[in-house]
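One structure is given below, encoded as structure tokens.
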Amino acid sequence: MKKSKSKVSVFTYMLKLIEQLKIAEKYGTVETYIATMRSLKQFNRGDDLLFTELNNERLLMYEAYLLKRGLQKSTSSFYMRVLRAVYNRAVDDGIVEHKNIFKRIYVGIDKTIKRSVSQDYIKKIKSLDLKQDYMLNFSRDMFMFSFYTRGMSFVDIAYLKKSDLSNEMLTYRRRKTGQLLSIRVEACMKEIIDRYWNEDSSYLFPIIKEQNRARINYKSTLHTINLKLKIISDMVNSPIPLSMYVARHSWASIAKNKNIPISIISESMGHSSEYTTQIYLASLNSSVIDNANKIIISDI
């Protein structure tokens, strides 16, 4: 017997989506869904919540609850964006009729936080002599490799395999979006790849060492790298704490400053318009993008 729409639980539906995301190996999204569901459950005192009860008034109360607990507006917005995505999926699945329940709810992204450094700082990071400290050197290399590869995210770097490298091209599928990207391998990239080449591993870099613990390996290494990048921040007197995410933003910022056309790299890549940026990148001839990337990294 088909379950009545009025009896469909938000939490039950989110658990179903989480299982689907796990099958698709979208573990980052899984974590955001779990965090949002946990927060919403706390607000609702652990009680079940039906889609018919999810309305604008309740969302306004939830938003006020989050802010009263001392959360930043950007964090509240993060939870609301996840809930909106879940609600839209439920609408598509015919579970609930679409209503504008997110009116007056803040779902924006704070763009005031600077997350990039200038070309001069990238040069300083590159020129550091870190050979005496393996993890510092490795962390710097991963930061630079991300920058060289148009801001490749660390999760994609971690899962790169030797089979992704062919005829001086690096081809991989973004784990976040599933988009297939190709990057021409420049000398600076090859130098880093060669430094960590291990004949006994199928991966390009020594990040995932146990296949059944791949997610744990990746997250643990990312945590260590970001800690080491904070040390490097002090070494170069960076105006902001460095992280792997900064490499992505820095490439986008430097590309903009070099007047790379918006059709190749949008102003807000990695921010609220990352999806649009990926559409631009996907629709262009890869050689055009590679030439733009060469312009950027040739000055580093």
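The values are calculated or read from the model by the stated rules, or taken from the named source; none is laboratory data. In this text, all values refer to a predicted model and were calculated from it rather than measured experimentally. A quick note on method: Cβ atoms are made from the backbone with ideal geometry, for glycine too, and the neighbour counts reach across all protein chains shown. Calculation scope for accessible area: heavy atoms of the full protein, side chains included, ligands and nucleic acids excluded. Shrake-Rupley method; radii C 1.70, N 1.55, O 1.52, S 1.80 Å.
Taking θ as phi - 60°, what are the ³J(HN,Hα) couplings along segment 220-236 by the Karplus curve (6.51, -1.76, 1.60), each to the nearest whole Hz, with x for Gly and Pro?
Running phi through 6.51 cos²θ - 1.76 cosθ + 1.60 with θ = phi - 60° gives 5, 5, 4, 4, 5, 4, 5, 5, 5, 5, 5, 5, 5, 4, 5, 5, 9 Hz.
With a 10 Å radius around each residue's Cβ, average the other Cβ atoms per peptide and rank 62-72, 223-233, 239-249, 92-102, highest first.
By packing density, highest mean first, the sequence is 239-249, 223-233, 62-72, 92-102.
Percent of alpha carbon pairs in the chain separated by more than 26 Å?
53
Amide H to amide H under 5 Å from L50: which residues, 5+ apart in sequence or cross-chain, H placed 1.01 Å off N in plane?
So L50 has HN proximity to V10.
Quote to one decimal, in nm, the extra length available between E186 and D200 on full extension: 0.36 nm per residue of separation minus the C-alpha distance between them.
Length gained between E186 and D200: 2.6 nm.
Taking only DSSP H segments of four or more residues, each worth -39500 (n - 2.57), what value at 222 nm results for the chain once the sum is divided by all its residues, to the nearest 500 deg cm²/dmol?
-17000 deg cm²/dmol
Over the chain, what percent of the accessible surface lies on carbon and sulfur atoms, probe 1.4 Å?
51
Just add up the charged neighbours of D164: K/R +1, D/E -1, any other residue whose Cβ is under 13 Å from the Cβ of D164.
+3
If I stretch the segment between I231 and Q72 completely, what's the gain in nm (0.36 nm per residue apart, minus their alpha carbon distance), one decimal?
54.6 nm is the gain from fully extending I231 to Q72.
Just to confirm, what accessible area per residue do you get for segment 1-123 at 1.4 Å probe, in whole Å²?
61
Full-extension gain between K219 and E168, please, as 0.36 nm times their residue separation minus the C-alpha to C-alpha distance.
15.5 nm
Compute, for segment 17-71, the length of the dipole vector about the Cα centre, with Cβ point charges of +1 (Lys, Arg) and -1 (Asp, Glu) only. Units Debye, rounded to 20.
Result for segment 17-71 is approximately 220 debye, rounded to the nearest 20.
Report F154's accessible area, 1.4 Å probe, all protein chains in place, as a number in Å² to the nearest 10.
10
In what sequence, largest accessible area first, do D156, D129 appear using a 1.4 Å probe?
Output order, biggest surface exposure first: D129, D156.
With θ set to phi - 60° and the Karplus curve 6.51 cos²θ - 1.76 cosθ + 1.60, what are the ³J(HN,Hα) couplings of segment 70-87 in order, to the nearest whole Hz, using x for Gly and Pro?
So the Karplus estimates, Gly and Pro as x, are x, 6, 5, 4, 5, 6, 4, 4, 4, 4, 5, 5, 5, 4, 5, 5, 5, 4 Hz.
Residues with amide H under 5 Å of L242's amide H, sequence separation 5 or more or different chain, H placed in the peptide plane at 1.01 Å from N; which?
Those qualifying (amide H under 5 Å, at least 5 residues apart or on another chain) are S233.
Compare the Cα positions of G70, T171, G94 along the charge dipole of segment 43-191 (+1 at Cβ of Lys, Arg; -1 at Cβ of Asp, Glu; about the Cα centre) and return the one farthest towards the positive end.
Positive-end residue among those listed: G70.
Name the lysines eligible as straight-distance cross-link partners of K73: C-alpha to C-alpha under 23 Å, and not fewer than 8 places from it in the same chain.
Correct list for K73: K41, K103, K111, K114.
Run the reach check for K22 against lysines, Cα to Cα strictly under 17 Å, same-chain hits fewer than 8 apart removed. What comes back?
Counting by Cα, and skipping residues close in sequence, K22 has these lysines nearby: K176, K219.
Taking a ≥ b ≥ c as the square roots of the eigenvalues of the Cα gyration tensor of segment 1-92, is the shape rounded (a/c under 1.5), prolate (a/b larger than b/c) or oblate?
Note, shape of segment 1-92 comes out oblate.
Rounded to whole Hz and in sequence order, give me ³J(HN,Hα) for segment 139-150 from the Karplus expression 6.51 cos²θ - 1.76 cosθ + 1.60, θ = phi - 60°, writing x for Gly and Pro.
Running phi through 6.51 cos²θ - 1.76 cosθ + 1.60 with θ = phi - 60° gives 5, 5, 5, 5, 4, 5, 5, 4, 5, 4, 9, 6 Hz.
Which of the pairs K131/K258; K162/K294; K26/K190 have their Cα atoms more than 27 Å apart in this structure?
Going by Cα-Cα distance, K131/K258; K26/K190 fall outside the 27 Å limit.
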